[in-house]
Amino acid sequence: MSKRLAGKKAFITGGAQGLGLAMGEMFMREGADVTLTDIQLDKVSQEAERIGAAAGIEHDVTDPFAWKQALEAAAEEMDGINVLVHNAGIGSFGNVETESYEMYRKVCAIDMDSVFLGTQAAMPYLKDNAPASIIIISSVAGLMADGNFLSYNVAKAGVAMMGKSIALHCARNGYQINCNSIHPVFTRTPILDPMIQLKGSQEEGEKALVRNIPMKRLGEPDEVAAMATYLASDEARFVTGSEFRIDGGITACGLGSK
Ligand SMILES: NC(=O)c1ccc[n+]([C@@H]2O[C@H](COP(=O)([O-])OP(=O)(O)OC[C@H]3O[C@@H](n4cnc5c(N)ncnc54)[C@H](O)[C@@H]3O)[C@@H](O)[C@H]2O)c1
């Protein structure tokens, strides 16, 4: 049987670790060419080499010029790009009284503005190499609010709606480019470390994180990568402008039903 991503050329941001790296590894196993990018140059280079990716590139997703350079380099290495995964992101813990404007702007720049900058810069590559896919890693925090995730809520909700606008533009222009968002709940990657450390031990930290998740466990990176693999594949050609939740049931909860 042919591999599900044969012929795909994927550009994955935030690929040095966590979900970006898990997607890169799964995409490779399914026959894609992969470029990983990240602000952590050493780590992204090492991991790209370890998994046999086409390239590992230093790239700050908030910098328009860096997008241009990274896309050019990746397209040269892979002979085009037809899968763009907006994965790079940071968290922030702050409410409307405690969050600084500086942090708010930083989270919005990395988690949201980057999706606009990068998609705009990548459109010529995606159009030239269609059928193509844009995958946005949002969060359940883009669908449900928490008093202490103000900036993250804004950015992750913003990219989900941005994805729908991009999807409609592509569909109505006949581009054969689909665009969808993925919404994971807490998933086992380094981004959770600060929240786990707040509770003093790994066990207590995880217990606190899963308290409101009906399945009572964290997500695993490969569970998110599996959804991204589907969305990057030709199996998902008619799927666009949609939100895919990988959340152990948390967004299905009604009042008091957790
Ligand atoms: N792990 C979770 O629980 C979870 C849940 C929902 C959504 N997400 C989202 O998934 C995505 C991946 O997160 P993760 O869990 O793998 O976290 P992670 O911290 O392990 O990885 C994030 C990566 O993004 C990179 N990065 C940060 N700022 C960057 C910048 N300006 N330019 C380029 N790269 C940058 C980091 O160096 C890091 O390698 C993020 O968008 C995150 O918000 C994660």
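The values are calculated or read from the model by the stated rules, or taken from the named source; none is laboratory data. Here the structure is a predicted model, which means the values were calculated and not measured. Backbone-built Cβ (ideal geometry, glycine too); neighbour counts: all protein chains shown. Protein only, heavy atoms only, side chains kept; ligands, DNA and RNA dropped before computing areas. Shrake-Rupley method; radii C 1.70, N 1.55, O 1.52, S 1.80 Å.
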Exercise. Non-local amide H neighbours of I57 (under 5 Å, H modeled in plane, Pro and chain starts lacking H): which ones?
Worked result: L36, T37, D38
Exercise. Can you give the three extents of the C-alpha atoms in the stretch 33-133 along their principal axes, from longest to shortest, in whole Å?
Worked result: 49, 30, 21
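Using unit Cβ charges (K, R positive; D, E negative) and no other charged atoms, how large, in debye to the nearest 20, is the dipole of the stretch 21-97 about its Cα centre? Present the calculation step by step, with values, prior to reporting the outcome.
Numbers: 4 positive and 15 negative charges, 35 e Å.
About 160 debye.
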Exercise. How many Å² of accessible area per residue for the chain, probe 1.4 Å?
Worked result: 48
Problem set entry | Rel. contact order, % - alpha carbon contacts under 8 angstrom, at least six apart, the stretch 56-186 | 28
Exercise. Counting alpha carbon pairs within less than 8 Å and at least 6 residues apart, what relative contact order, in whole percent, applies to the chain?
Worked result: 19
For this session: Output ³J(HN,Hα) for the stretch 121-129: one whole-Hz value per residue in order, computed from phi by the Karplus curve 6.51 cos²θ - 1.76 cosθ + 1.60 with θ = phi - 60°, and x for Gly and Pro.
Result: 5, 8, 3, x, 5, 5, 5, 5, 10
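With viscosity set to 0.890 mPa s and temperature to 25 °C, compute the Stokes-Einstein D of the chain, Rh being the Kirkwood radius across alpha carbon pairs; µm²/s, no decimals. Don't skip to the answer; put the middle values down first.
On the way: Rh = 18.4 Å.
So the translational diffusion coefficient is about 133 µm²/s.
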Seminar exercise, completed: Dipole check, the chain, charges on Cβ (K,R +1; D,E -1), about Cα centroid: among T62, V44, P214 the Cα furthest to the positive pole belongs to P214
Seminar exercise, completed: So the number of lysine pairs in the chain with alpha-carbon atoms under 17 angstrom apart, 8 or more residues apart or on different chains, is 10
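Within a Cβ distance under 12 Å of A109, other residues only, what is the Lys/Arg minus Asp/Glu net charge? Don't skip to the answer; put the middle values down first.
Values: positive: R105, K106; negative: D60, D63, E102, D111, D113.
Net charge in that neighbourhood comes out at -3.
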Exercise. Just in the stretch 1-103: which GluC sites (Glu not before Pro) are loop by DSSP and have at most 11 other Cβ atoms within 10 Å?
Worked result: E97
Problem set entry | the chain - charge dipole about Cα centre, Lys and Arg +1 at Cβ, Asp and Glu -1, debye rounded to 20 | 880
Exercise. Under 20 Å from a point 7 Å along the Cα-to-Cβ line of K127: which residues of the stretch 135-174 have their amide N that close?
Worked result: 135, 163-174
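On a full-extension model of 0.36 nm per residue, what is the gain between K43 and N95, subtracting their alpha-carbon distance, rounded to one decimal in nm?
15.5 nm
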